Amino acid sequence: AYLSRHEGKKEAVTGSVHLEQFPATPEHWQDPVLAKKWQDVRKVRAVVTGALELERAAKRIGSSLEAAPEVYIENPELLALLVGLDMSEICITSELTLKSGDAGADGFNLADVPGVSVIPARASGIKCARSWKYFDPATADKDFSDVTPRDAQALRELQALGTWA
C-alpha cells in the first residue's frame, strides 16, 4: 500500500514504510495552549493510574474498569479544565467523580503533581457485555439489558445501518 501511494517518489525506494522518516509537522499545526491542557490532563491521569495500581496490587480490583475513583483537585483552574472532559474515558474507569479540594490523609497523590489526590473505589453495578464498564442495571435499555445505555445506542445505530442483526 505504501509503495502504491508513493509510486515514483524517491522515498519509495527504501521498499518499506518502516524505513522512512516521519514528515515534518507544519508549524501552524502547533497549539501551545492545547498542548498545555493535555499535559495537565495526563498529569491528573497519572495520579489516578497510580492509585489504581495500588488497588490492583492489593487485589481489590482486577482492571481499571472495575474502579470508580473520586479525584480531588485543589486548583480551581485545573478543575475547570477537567469538568468538560469525560475523565472516566480518559482514565479508563467505569466512573470517575471530580471534586474540589483535598482528599485528606486517605488520598493517593504523587509528589510531582501537587494539588491532585485520589480516593479509589470499586465500581458498583453490573459489567457491560460490550464495553466491560460497570453500570447501574436500572439505567439499561429494555432491549439491551446487558449493556450500558451508551452501548445500547451504538447497537441500535448498527442495527439501523443493517450491519448487525
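The values are calculated or read from the model by the stated rules, or taken from the named source; none is laboratory data. Please read all numbers here as calculations on a predicted model, not as lab measurements. Here the Cβ positions follow ideal geometry from the backbone for every residue, glycine too, while neighbour counts run over all protein chains shown. Only protein heavy atoms, including side chains, enter the accessible area calculation; ligands, DNA and RNA are left aside. Shrake-Rupley method; radii C 1.70, N 1.55, O 1.52, S 1.80 Å.
Kindly rank 70-80, 90-100 from highest to lowest mean number of other beta carbons found within 10 Å of each residue.
Ranking, from highest mean packing down: 90-100, 70-80.
Mind putting together the pair-distance distribution for region 106-153? All Cα pairs, 10 Å bins, whole percent per bin, short to long.
Result returned by the calculation: 26, 31, 18, 21, 4.
Karplus couplings for region 78-94 from phi (6.51 cos²θ - 1.76 cosθ + 1.60, θ = phi - 60°), rounded to Hz, Gly and Pro as x?
Ordered by residue, 3J(HN,Hα) equals 5, 4, 4, 5, 7, 4, x, 9, 8, 5, 5, 5, 5, 8, 6, 10, 6 Hz.
Ignoring ligands, DNA and RNA, what percent of the accessible area of the chain is carbon or sulfur (1.4 Å)?
Within the chain, the accessible surface is 56 percent carbon and sulfur.
Taking region 1-155 on its own, what percent of its Cα-Cα pair distances exceed 24 Å?
52 percent
Would you mind checking the tilt of helix 149-161 against the longest principal axis of the Cα atoms of the chain, expressed as 0 to 90 degrees and rounded to 10?
So the helix axis and the longest Cα principal axis differ by about 40 degrees.
Could you provide, to the nearest whole Å², the per residue accessible area of region 1-145 with probe 1.4 Å?
Counting only protein heavy atoms, the per-residue value for region 1-145 is 66 Å².
Give me the base-10 log of I(q)/I(0) for region 58-110 at each q in 0.13 Å⁻¹, Debye formula, one uniform scatterer per Cα, rounded to two decimals.
Debye curve over Cα of region 58-110, log10 I(q)/I(0) at q = 0.13 Å⁻¹: -0.34.
Mean residue ellipticity at 222 nm from the helices of the chain, using -39,500 (n - 2.57) per DSSP H segment of n ≥ 4 over the full residue count, to the nearest 500 deg cm²/dmol?
That calculation yields -10000 deg cm²/dmol at 222 nm.
Placing one identical point scatterer on every Cα of region 77-165 and ignoring solvent, what is log10 I(q)/I(0) from the Debye formula at q = 0.12, 0.14, 0.15 Å⁻¹?
Each listed q corresponds, in turn, to -0.52, -0.65, -0.72.
If the only charges are +1 at each Lys and Arg Cβ and -1 at each Asp and Glu Cβ, what is the size of the charge dipole of region 13-115 around the Cα centre, to the nearest 20 debye?
180 debye
Please determine, in degrees from 0 to 90 and to the nearest 10, the orientation of helix 32-57 with respect to the longest principal axis defined by the Cα atoms of the chain, where the helix direction is its Cα long axis.
Around 50 degrees separate the two axes.
In a shell of Cβ-Cβ distance under 14 Å around Arg156, excluding Arg156 itself, what net charge do Lys and Arg (+1) and Asp and Glu (-1) give?
-1
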